[in-house]
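Here, each number is a calculation from the coordinates, and none is a lab measurement. Everything numeric in this text was worked out from a predicted model, so none of it was measured. Here the Cβ positions follow ideal geometry from the backbone for every residue, glycine too, while neighbour counts run over all protein chains shown.
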Amino acid sequence: MLFCSVHVSSSPQTMADYGILVKHWGKVEADYDGHGSLFMTRLFKKHPDTQKMFPKFADIAQADMASNAHVTALGSAVLKKLGEVLKAEGNHAAILKPVAKSHAEKLKIPFDKLQLLIDVAAEIIKERAELDADGQQALKGMMAVVHADFKATYKELGLIT
């Protein structure tokens with residue numbers, strides 16, 4: 001089971017789950033920029049309202065998203081951070097808590113929109129890492145932990161109940 005500094009996650013993960021994901025993570029790491037750009041462009045295409053959450057990107061046309069360096073950089077940063085969480089093998093509180101606080105306080109990302117980001121990131125990872133059924137299940141568990149940790153931080157900050 002994974003432990004976060006604020007709570008115990010309800011989504012069990014085993015060392016085997018981490019092993020499955022780490023085994024495939026190199027395919028994601030090999031092209032963080034390309035996969036990051038794909039993540040952000042897919043997010044904005046599937047959920048156009050999310051583009052407004054990022055003022056820097058609000059006026060960028062869909063056709064220009066994939067070639068925008070700032071869009072690519074953000075998507076790459078998200079995937080790199082998920083890689084750090086994965087490689088921490090459950091000892092990720094020091095990695096995720098500042099990210100969650102930043103999303104809540106600085107970026108003002110509504111908690112209900114976080115699941116959209118998590119779902120699209122998981123799609124990209126599943127595709128690019130070429131995960132089999134066991135890998136997909138491990139990824140689902142890891143993303144549930146990320147969501148639960150963000151939720152705990154948003155609650156701690158009094159932004160959700």
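Site pair residue 137 and residue 105 shows an inter-label distance of 3.9 nm when each label is modelled 7 Å from Cα along Cα→Cβ. Projected label points at residue 119 and residue 30, each 7 Å from Cα along the beta carbon direction, are separated by 2.9 nanometres.
A Stokes-Einstein calculation at 37 °C with viscosity 0.692 mPa s, built on the Kirkwood radius of the chain over Cα pairs, returns a diffusion coefficient of 205 µm²/s. Electrostatic tally near residue 84: other residues with Cβ closer than 14 Å to its Cβ, Lys and Arg +1, Asp and Glu -1, net +1.
Based on the Cα atoms of region 83-138, what semi-axes does the equivalent ellipsoid have, where each is the square root of 5 times one gyration tensor eigenvalue, given in whole Å with the largest first? Taking √(5λ) for each eigenvalue gives 23, 16, 8 Å, largest first.
Less than 20 Å from a label point 7 Å out along the Cα-to-Cβ axis of residue 94: which backbone N atoms in region 131-161 qualify, by residue? Residues 146, 149-150, 153 qualify, since their backbone N sits under 20 Å from the label point.
By per-residue mean of other Cβ atoms within 10 Å, what is the highest-first order of 112-118, 86-92?
Going from most to least packed, we get 86-92, 112-118.
Every Cα-Cα pair of region 9-103 was included, and the share exceeding 18 Å stands at 53 percent. Annotation: peptides 26-35, 54-63, ranked by per-residue average of other Cβ atoms within 10 Å with the highest first, follow the order 26-35, 54-63.
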